[in-house]
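What follows is a short report on a single structure.
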Amino acid sequence: MNPKSIKKNQLYGNLDESTNEWTDGVLAIIVRDFAESTSPDRKWVMFDGPVDAVWIENMNTVLDDNKKLCLNSGAVIKLSNVMTMMFEVDDLSFASPATVSRCGMIFLEPHQLGHTILITSYVNKFSATLTEKNIAFLTDYLHYVADICCVFTIYHSKMPQAVHSNVLVANML
């Protein structure tokens, strides 16, 4: 989920002042469902979007050793041992040091990743139906086409927003 795509009260929940009734938000519903699940399968809550103080500061109790989501309604939802909160962000310029210190982080520049991993992952989907020789050919061919297409697109196309070559390759695949 992108927490910036909805309002804070839609994310965590909202108290209707006219009826004095609490309505859970998207995150509260997801976390409660995962916490109450008896399945031993790992449950991931993925946040993909910018970090800012408007929504991330309410996550501090989730990110520390308590692992509890505290809602304005007074409800406290304890995360189970099979739950993981993951944040995929472009930068942390608006995150407080308290928030940053609670998260384990891996920072990778897009150019460090390259599109080799995208192509390899895509081609592996066909390993059951293609021979090794065909997989090697397809891999080489996709690298060749991806390199040419990325260079052409970046230098000869106008984009409304800057796009990294990894995004172009993922869209192509």
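Since every read-out is calculated from the coordinates, none of them should be taken as a lab result. Please read these numbers as outputs of a predicted model, since none were measured by experiment. All Cβ positions, glycine included, derive from the backbone under ideal geometry; neighbour counts span all protein chains shown.
Taking the mean number of other Cβ atoms within 10 Å as a proxy for protection, how do you rank 35-42, 114-121 from highest to lowest?
114-121, 35-42
Treating the beta-carbon of each Lys and Arg as +1 and of each Asp and Glu as -1, no other charges, what is the dipole magnitude of the range 1-92 about its Cα centre, to the nearest 20 debye?
My answer is approximately 240 debye.
Just 147, 90, 64 to compare: in a GNM of the chain, with alpha carbon springs under 10 Å, which one fluctuates most?
147
Which aspartates and glutamates, on any chain, are close to residue 68 with Cα under 16 Å apart, when same-chain ones fewer than 8 places away are left out?
The reachable aspartates and glutamates, counting only those whose Cα sits under 16 Å from residue 68, are 24, 33, 36, 57.
Calculate, for residue 144 and residue 46, the FRET efficiency according to 1/(1 + (r/R0)^6) with r their C-beta to C-beta distance and R0 35 Å; round to the nearest 0.05.
Details: r = 33 Å, r/R0 = 0.94.
Efficiency for this residue pair is about 0.60.
Using Cα pairs closer than 8 Å and at least 6 residues apart in sequence, work out the relative contact order for the range 24-94, in percent. Please report the intermediate quantities before stating the final value.
On the way: 80 pairs, mean separation 31.1, N = 71.
Worked out over the range 24-94, it gives 44 percent.
By its C-alpha gyration tensor, with a ≥ b ≥ c as the square roots of the eigenvalues, how is the range 3-107 shaped: rounded for a/c under 1.5, else prolate for a/b larger than b/c, else oblate?
Taking the square roots of the gyration eigenvalues as a ≥ b ≥ c, the range 3-107 is oblate.
When the dipole is taken about the Cα centre of the chain, and only Lys, Arg (+1) and Asp, Glu (-1) are charged at their Cβ, what size is it in debye, to the nearest 20?
Using Cβ point charges on Lys, Arg, Asp and Glu, the chain gives about 220 debye.
Cα to Cα, under 24 Å, and not fewer than 8 places away if on the same chain: which lysines meet these conditions relative to residue 133?
Correct list for residue 133: 125.
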